[in-house]
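Remarks on the structure that follows.
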Amino acid sequence: MALVDHESLNRGFFRGIDSTALFRRFFEHFGVWDQMGIADDSRPETIYLAWSKLDPETHADLHESIRRVNDLGHEKGRWALLYRARDCRVEGCDDLTPLVLSMTMFLEHRQVFEEVYGFYTIEKTDSLDILIGRDPVPCDPTEDQLQEFRNRLVRTLKREAVGDGFRVEVAEPRHPKKWMVVVPHETQAKDDFEFDEDGEIVNRPRRPIYDIVLIYYPDTGMLKIKAGRGKRKANDVAECFATEILNRPPDHFRVRKAVSLDPLRDPEFSFTRAPGDNFKWVRPRRIRFRKRADAAALHDVQYNDDADGGKSVVEYLESDGVRLSALDVESLTLRFMFMRHDRDFRDVTISTSERCTLDDTNVDRSILRVLVRWGLLDPSAKERLSGAGPN
């Protein structure tokens with residue numbers, strides 16, 4: 001069982017990109033370009049043959065990454081990637097072929113690429129709860145441990161009407177940097193019929209294949225869980241994993257997260273500049289929240305006003321009598337406008353599900369320092385998240 005069913009990867013992928021310069025950057029990233037013996041004017045066929053001779057086990061990260069680039073270079077992943085490429089202001093992104101766009105985003109905006117891939121493979125990035133353990137723990141469970149993990153999940157999730165078809169499947173082959181397990185839905189999902197981008201009727205399942213997805217990174221101690229929308233279920237699964245697989249206490253993953261939106265509740269909080277900040281202004285543009293008086297309803301409000309001295313979505317809400325101190329904010333999108341010209345801006349989204357759309361660039365590192373100063377990001381936890389690799 002594999003967590004992702006990759007698209008077919010063959011000579012067509014290399015012909016579709018048809019750029020020795022891009023392939024050189026890609027293979028140099030993994031330190032194998034020189035040993036492949038490829039000339040700068042080599043044709044796609046030559047590059048394909050050289051790649052096919054690389055041992056998949058020795059170069060597992062390379063092979064997984066090139067398959068991800070190929071996956072998002074197909075039509076099913078193209079549009080999600082293109083929208084994010086526009087956000088990153090990739091030059092000429094609308095004119096790039098899907099495969100070239102995919103490779104470009106992998107090389108130049110890796111974190112954005114992996115977020116899109118997470119959306120493409122595991123329903124939606126926001127549905128992944130990310131927890132950080134008290135310390136990194138090796139993960140190589142025995143068959144007995146896996147069986148007890150399954151039994152514990154059945155006992156814990158009994159209120160979820162677990163039946164005889166409840167299966168816990170470990171992803172094979174094992175990835176060198178992460179341990180993955182999934183719990184498929186016990187019943188087949190019914191199909192819905194809808195129109196695709198070309199106006200053709202297609203059938204799509206109402207829900208993803210897996211009821212639970214669990215991804216653990218032993219080197220960093222980070223755990224990603226998709227267990228539906230309820231936090232309680234994710235916490236229950238994390239507790240079972242900690243006790244039965246890692247032999248750790250039940251509260252192993254109940255530690256401070258990288259993202260905290262609690263400072264927004266302080267009536268004195270403000271998005272203020274400080275000496276040395278290189279942006280002209282910052283303004284909240286979109287906010288997702290629940291009112292404490294009615295936690296069942298999730299509100300999503302967007303307000304765009306880029307004029308100097310314009311109103312933010314927070315000011316819009318306050319003018320309507322809604323105060324941040326009375327809300328549980330789940331996601332916030334900020335627009336940072338920089339000094340050079342009016343189109344030089346960066347939108348950043350942070351959420352309580354640990355989503356943070358920052359890349360490893362000079363601009364984003366300066367924004368990271370500001371978010372840390374405001375108390376919205378924990379720098380040590382953010383570093384552990386960024387080093388954990390793809391989903």
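If you filter region 244-271 down to residues that are closer than 16 Å to L131 by Cα and basic (K, R), you find that the one that is modelled with the highest pLDDT is R248. Hey, could you check region 273-285 for residues that are modelled with pLDDT under 90 and either assigned to a helix (DSSP H, G or I) or among the charged types (D, E, K, R) (or both) and say which is surrounded by the fewest Cβ atoms within 10 Å (Cβ to Cβ)? Only one residue fits best here, namely R273. Of the listed requirements (1) within 26 Å of S65 (Cα to Cα); (2) at pLDDT 65 or above; (3) under 20 Å from the mean Cα position of the chain (by Cα), L334 misses just one: (1). Here S331, S260, S270 are screened, and the one residue that is within 24 Å of D378 (Cβ to Cβ) and loosely packed, with under 15 Cβ neighbours inside 10 Å is S270. Here region 263-309 is the region considered, the condition is being basic (K, R), out of contact with any His (no Cβ under 9 Å at 6 or more places or on another chain) and touching a residue at least 12 places away in the same chain (Cβ under 8 Å), and the residue that is farthest from F338 (Cα to Cα) is R292. Among residues of region 43-57 that are farther than 13 Å from V32 by Cβ, those with a Cβ under 6 angstrom from a residue that is surrounded by 12 or more Cβ atoms within 10 Å (Cβ to Cβ) and not basic (K, R), sequence gap 6+ or separate chain, pair up as P44/F14; P44/D18; Y48/F14. Is there a residue being over 22 Å from the mean Cα position of the chain (by Cα) and basic (K, R) anywhere in region 281-289? Looking through region 281-289, at least one residue is over 22 Å from the mean Cα position of the chain (by Cα) and basic (K, R).
Residues of region 204-234 that are surrounded by fewer than 19 Cβ atoms within 10 Å (Cβ to Cβ) and at pLDDT 85 or above: P218 alone. One residue stands out among those in region 116-152 that are of a type in the set (A, V, I, L, M) and modelled with pLDDT of 85 or more: the one that is farthest from the chain's Cα centre (by Cα), which is L146.
The values are calculated or read from the model by the stated rules, or taken from the named source; none is laboratory data. The model shown is predicted, which means the values in this text are computed figures rather than measured ones. Positions of Cβ are generated from backbone atoms using ideal geometry, with glycine treated the same way; all protein chains shown enter the neighbour counts.
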